[in-house]
1. Kindly count the pairs of lysines across the chain whose alpha carbons are less than 16 Å apart, treating pairs on different chains or eight or more residues apart as eligible.
2. For the charge dipole of the chain, defined by +1 on Lys and Arg C-beta atoms and -1 on Asp and Glu C-beta atoms about the Cα centroid, which residue among Val197, Ala325, Thr81 has the Cα displaced farthest towards the positive pole?
3. Using 0.36 nm per residue of separation minus the Cα-Cα distance, give me the extension gain between Phe395 and Arg244 in nm, one decimal.
4. Compute log10 of I(q)/I(0) for the chain with the Debye formula, placing one identical point scatterer on every Cα and leaving out solvent, at q = 0.05, 0.08, 0.09 Å⁻¹, to two decimals.
5. About the Cα centre of the stretch 281-412, what is the dipole size in debye to 20, counting +1 per Lys and Arg Cβ and -1 per Asp and Glu Cβ, all else neutral?
6. Relative to the longest principal axis of the C-alpha atoms of the chain, give the angle of the C-alpha long axis of helix 77-88, reported between 0 and 90° and rounded to the nearest 10°.
7. Order these peptides, 45-53, 79-87, by their mean beta-carbon neighbour count within 10 angstrom, highest first.
8. What does the charge dipole of the chain about its Cα centre add up to, to the nearest 20 debye, if the Cβ of each Lys and Arg holds +1 and the Cβ of each Asp and Glu holds -1?
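The numbers here are math on the coordinates, done by the rules we state, and not lab data. All values reported here derive from a predicted model rather than from experimental measurement. Here the Cβ positions follow ideal geometry from the backbone for every residue, glycine too, while neighbour counts run over all protein chains shown.
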Amino acid sequence: MRRALVLLVGFTVLLAVPGAASPVGSTRSSLRADLDRILSDSRLEGASVGVVVRDPATDRILYRRSPHRRLVPASNAKLFTSVAALEALGPDFRFRTGVLTTGMRRGGVLLGDLYLRGGGDPTMLASDYRRLADRIADAGIRVVRGDVLADDSHFDDRGLANGWMAIDEPYYYAAPVSALTVAPNTDYDAGSVVVRVRPTRRGQPVRVSSHPETDAVEIVNRARTLAPGATARLSVRRAHGTDRVIVSGGVPAGSGTRRVFSSVPDPTAYALDVFRRALVERGITFEGVGEAVTPERARVLAEHRSMPLRRMLVPFLKLSNNGHAEALVKAMGRVVRGEGNWQAGLRVVRNRMAALGIEPGDYRLVDGSGLSTLDSLAPAQLAELLDVARERPWFETWKRALPLAGASDRMTGGTLRGRMRGTPAEGNVSAKTGSMTGVSALSGYVRTRTDRQLVFSVVFNGFLAAPPREVQDAVVVRLARHGAGAEGAPPDPDGRGRSSVEVADTPSTPPDEAMFECSWSKSC
């Protein structure tokens, strides 16, 4: 006699149909029902929703919704870029920046030009350029009878990728890409400067400065100091197509210094200016500055090598650093194909993905960061990549570089540090976020109650309100609870299709910047 099996699931009673005697089968049915309910959230009405959950141990798909629908992935594209870089360049790859010359020495005089040759390093700090200048001075060179020349020919001269929006141009997360650049901080936001704004006395202009000091941008100060306790109304924005950074509005007297990031229009000129200043500080004189390709016969006087790729993955993926992605794409093009441009680099990405079993004709990437609105990936492809990556020798290094849900340390939690706290997903989900206007994505790994690791990809496109990240969090929390004990999520408490396992995103994210990665607004 065949009997129906009744399972208590949270507060819900599920009746298994005759023939469904397997507890595993009913567990999967429970999971599907719960995820269906979570994804019925009213904020997703009219939006495109793609979800895949797979169990690598059994190679079974536990849940799918429009798995092959190609969607804009935003920063989930960095999963493709980072994996391709590890495959093509290797975990020990380092960028190199050098100072070279063809000139002869006569005592402390160098008879010839100095070439500052870039290798695309997006982690070069002003202090690294100072160390290069130190080595020139330590070698006994005091006078350069020639010019200091910047060589950025390792990459092409195209700074902005196809499909980047003009409105993003002034912001540091969309800084132009160059083989020579400067990062103002240890987030390594290459191609940007920090504009410091400090109040003075009420009614007086604020004080502004840049870090590092540079003539690569012209700061125009139109801001005033407001009355103590007044509401700050500060705008720092580079005028489109120019090097003029306009500071306007006001900040209250007695408030602290504010730091705002701005992209620079010419990263090569920026790097040259920072290096020039470092030489001057060390008392080294020269005739002028300019740009030129380093002659083949030039010899190296000083060289800086970046951190290895295995370490660079941490700021790259934890903070969703766009500049790192694009530098790696061009580096792959240069190293593998002899061309430091997006076209060559993305060809390497496609070839490496094909070698891992991901068909290159089934997706489109036109940049490495996912900032382009022309990128198109399916959740099934993201999940497949996450699955096959588990077998690669660099996997554990790569996985540790992904944001970790709820981890308070910034370089551990990254863009997930304020999400899923106090849930079974906290400290248990390693995943890449992706955010831009009308796009929210989350793809990665979650460990269930029964210690089984699942792979998931949840991508939303076309929503009109604030990003429904709580829905993504609810999906992942449900996966973390999967497999033992009470399986189901609590029922919808208000009848509006919103699950009670929603988890709010970091509350410090400003509303007007909620469409972007929280790291881009420095709120996480």
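1. Within the chain, the lysine pair count is 8.
2. Value: Val197.
3. So the chain would gain 50.0 nm between Phe395 and Arg244.
4. Debye output, listed in q order: -0.24, -0.57, -0.70.
5. Charge dipole of the stretch 281-412: 400 debye, to the nearest 20.
6. Relative to the chain, helix 77-88 is tipped by roughly 70 degrees.
7. 79-87, 45-53
8. The calculated dipole for the chain is roughly 940 debye.
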